[in-house]
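One structure is given below, encoded as structure tokens.
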Amino acid sequence: MRGPDARTLSHLLAERIVALAPELLRAGHREGCEWRCGSLAGEKGQSLAVRLTGPRRGVWCDFSGGQKGDALDLVAAVLFAGSRRDAMAWAKNWLGIGDGPVPQPTRQQISEKTNNQELDRDEQRRRAKARELWHQTPAGIADTPVELYLRGRGIDLREMGRAPGSLRFNPAVWCAEVERPLPAMLAAICGANGKQVAVHRTWLVQTASGMWTKADLRASKKVLGSFAGGSIRLWRGATGKSLGMAEPGESVIVAEGIETGLSVALACPEYRTLCAVSLSNMGRLELPEAITDIIIAADNDAGNESARKALDAACQKFIEQGRIVRVAMPETKGRDWNDVIREENGPKDGART
């Protein structure tokens, strides 16, 4: 009796990709709906992405090496130098549906020195691309689709008197998902020293009615460059000073996303506001010792165990640093603070062109 074919095995592996990806790519990390690492060798990095959720779960792409495939291809590439026959035998055993001999895996080996050098070069290339994209984009968002997009989200920055310098509009930013440039809101991600380390991209589209919204993509938001510990500096608060010049005892609001952070800054302009980009990065934020009080503007992700753990880890990290931590969360499940202001105020006039 023949066992399941390659297509069936790939489907079964994809259903368990959340467990499989970390086993295959051990030094990787989760970013939203993807498992990320440096290459098929499984070292730290960003170049390889494995989809963990949705109809495309199990699909992967190594952007630096140009390789891609399904879940069975991933097993073959990581463990058996591309041999799908060996990968099928291993997969049957891993899934608990095989009783035949299991081939011995041969993982790619990279010395620590070479690995670090490759990571350094890869990070430098991405950082250089991020800075190039940022500096090629005109400063300011007044009268641009970014301003209109935010206004459509209930965020009228003109009420604050000025717009964050960390945001820009670029009419043509390359989007690998559709293989063509799209308009995008750019946000500068800076490290503790204030230097830019990455660029956050939110691709935009204008609807038939003239509204500017997020593009309908699997991933409408992506980061170019490594950003661990960095943040998007959205608002300086009452002091008007840079983050590095924060006054002793100062409070800061930390949000996960840009729109949430801007919504909070609009409601509480006296507070300095930062965007952590992701929950997993929130606990890594490198903040001046002068900041002693942190307010986390959290999304209400009730029922999302991974989000709860990431939020708890961030709180614990800040507490260990001797800071006071408070969490502000909308009452309604599944809502963030941008949802709250939109429900209260609705889109602003002028969100169309």
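Collect the residues in segment 70-93 that are surrounded by fewer than 17 Cβ atoms within 10 Å (Cβ to Cβ) and either modelled with pLDDT of 90 or more or not in a loop (DSSP other than H, G, I, E, B) (or both), keeping them in residue-number order. Reasoning before the result, please.
Residues of segment 70-93 that are surrounded by fewer than 17 Cβ atoms within 10 Å (Cβ to Cβ), as a first pass: 81-83, 85, 93.
Matches in segment 70-93: ARG85, ASN93.
Which one of these is open to solvent by less than 40 Å² (accessible area, probe 1.4 Å), farther than 17 Å from LEU133 by Cβ and not hydroxyl-bearing (Ser, Thr, Tyr): VAL178, VAL197, VAL205, VAL252?
VAL252
For the list (1) modelled with pLDDT of 95 or more; (2) under 21 Å from the mean Cα position of the chain (by Cα), I need the number of the one condition that GLY303 fails.
(1)
Condition check: basic (Lys, Arg) and outside any helix (DSSP H, G or I). Does ARG151 satisfy that?
Working: basic (Lys, Arg): yes; outside any helix (DSSP H, G or I): no.
For ARG151, the condition - basic (Lys, Arg) and outside any helix (DSSP H, G or I) - is not met.
So which of GLY100, GLY96, GLY45 is more than 22 Å from the chain's Cα centre (by Cα), more than 18 Å from ALA19 (Cβ to Cβ) and open to solvent by 10 Å² or more (accessible area, probe 1.4 Å)?
Numbers: GLY96 fails: more than 18 Å from ALA19 (Cβ to Cβ); GLY45 fails: more than 22 Å from the chain's Cα centre (by Cα).
Exactly one of GLY100, GLY96, GLY45 is more than 22 Å from the chain's Cα centre (by Cα), more than 18 Å from ALA19 (Cβ to Cβ) and open to solvent by 10 Å² or more (accessible area, probe 1.4 Å), namely GLY100.
Residues checked against (1) exposed (fewer than 15 other Cβ atoms within 10 Å of the Cβ); (2) at pLDDT below 85; (3) farther than 29 Å from VAL205 by Cα:
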{"site": "ALA290", "(1), (2), (3)": "yes, no, yes"}
{"site": "ILE296", "(1), (2), (3)": "no, no, yes"}
{"site": "ILE319", "(1), (2), (3)": "yes, no, yes"}
{"site": "GLY322", "(1), (2), (3)": "yes, no, yes"}
{"site": "ARG326", "(1), (2), (3)": "yes, no, yes"}
{"site": "GLU331", "(1), (2), (3)": "yes, no, yes"}
{"site": "ASP339", "(1), (2), (3)": "no, no, no"}
{"site": "ARG342", "(1), (2), (3)": "no, no, no"}
{"site": "PRO347", "(1), (2), (3)": "no, yes, no"}
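Output the residue which, of all residues in segment 182-194 that are touching a Lys or Arg at 6+ places or on another chain (Cβ under 7 Å) and within 21 Å of LEU285 (Cβ to Cβ), is least open to solvent (accessible area, probe 1.4 Å).
Pass one, segment 182-194, residues touching a Lys or Arg at 6+ places or on another chain (Cβ under 7 Å): 184, 186, 190.
With the extra rule that they be within 21 Å of LEU285 (Cβ to Cβ), the set shrinks to 186, 190.
Details: LEU186: 0, CYS190: 23 Å².
Going through the qualifying residues, I end up with LEU186.
I'm told LYS222 meets every condition in (1) open to solvent by less than 50 Å² (accessible area, probe 1.4 Å); (2) within 14 Å of the chain's Cα centre (by Cα); (3) not aromatic (Phe, Trp, Tyr) except one. Can you identify the failing condition by its number?
(1)
For a quick check of your reading of the model, give me the residue pairs whose first member lies in segment 15-27 and is surrounded by 14 or more Cβ atoms within 10 Å (Cβ to Cβ), whose second is among the basic types (Lys, Arg), with beta-carbon atoms closer than 6 Å and at least 6 apart or on different chains.
So the pair list comes out as ILE17/ARG57.
Considering PHE169, PHE227, which residue is in contact with a helix residue (DSSP H, G or I) (Cβ under 8 Å, 6 or more places away or on another chain), modelled with pLDDT of 90 or more and of a type in the set (Phe, Trp, Tyr)? Can you show your working first?
Details: PHE227 fails: modelled with pLDDT of 90 or more.
The unique qualifying residue is PHE169.
Could you tell me which of the residues THR213, THR239 is of a type in the set (Ser, Thr, Tyr) and at pLDDT 95 or above? I'd like the intermediate steps shown before the answer.
Values: THR239 fails: at pLDDT 95 or above.
Exactly one residue qualifies, and that residue is THR213.
If you take the residues in segment 237-275 that are under 23 Å from the mean Cα position of the chain (by Cα) and among the charged types (D, E, K, R), which one is farthest from GLY194 (Cα to Cα)? If you could, list the steps in order and put the result at the bottom.
So in segment 237-275, the residues under 23 Å from the mean Cα position of the chain (by Cα) come out as 243, 252-265, 272-275.
Those still in the list that are among the charged types (D, E, K, R) too: 256, 259, 272.
Numbers: GLU256: 19, GLU259: 22, ARG272: 15 Å.
Restricting to residues being under 23 Å from the mean Cα position of the chain (by Cα) and among the charged types (D, E, K, R), the top hit is GLU259.
Kindly establish whether GLY65 is over 22 Å from HIS11 (Cα atoms), at pLDDT below 90 and surrounded by fewer than 17 Cβ atoms within 10 Å (Cβ to Cβ). Outline the logic, then answer.
Working: over 22 Å from HIS11 (Cα atoms): yes; at pLDDT below 90: yes; surrounded by fewer than 17 Cβ atoms within 10 Å (Cβ to Cβ): yes.
Yes, satisfied.
Output the residues belonging to segment 200-226 that are of a type in the set (Lys, Arg) and either under 18 Å from ARG151 (Cβ atoms) or touching a Pro at 6+ places or on another chain (Cβ under 9 Å) (or both). Please lay out each step first, then the result.
We begin by selecting, within segment 200-226, every residue of a type in the set (Lys, Arg); these are 201, 214, 218, 221-222.
LYS214 - this is the single residue of segment 200-226 that is of a type in the set (Lys, Arg) and either under 18 Å from ARG151 (Cβ atoms) or touching a Pro at 6+ places or on another chain (Cβ under 9 Å) (or both).
If only one of ARG51, ARG121 is at pLDDT 90 or above and more than 18 Å from ALA6 (Cβ to Cβ), which one is it?
Exactly one residue qualifies, and that residue is ARG51.
The values are calculated or read from the model by the stated rules, or taken from the named source; none is laboratory data. Note that the structure is predicted; figures quoted are calculated from it, not measured. Note that we place each Cβ from the backbone using ideal geometry, even for glycine, and neighbour counts take in every protein chain shown. SASA here: full protein model, heavy atoms, side chains in, ligands and nucleic acids out. Shrake-Rupley method; radii C 1.70, N 1.55, O 1.52, S 1.80 Å.
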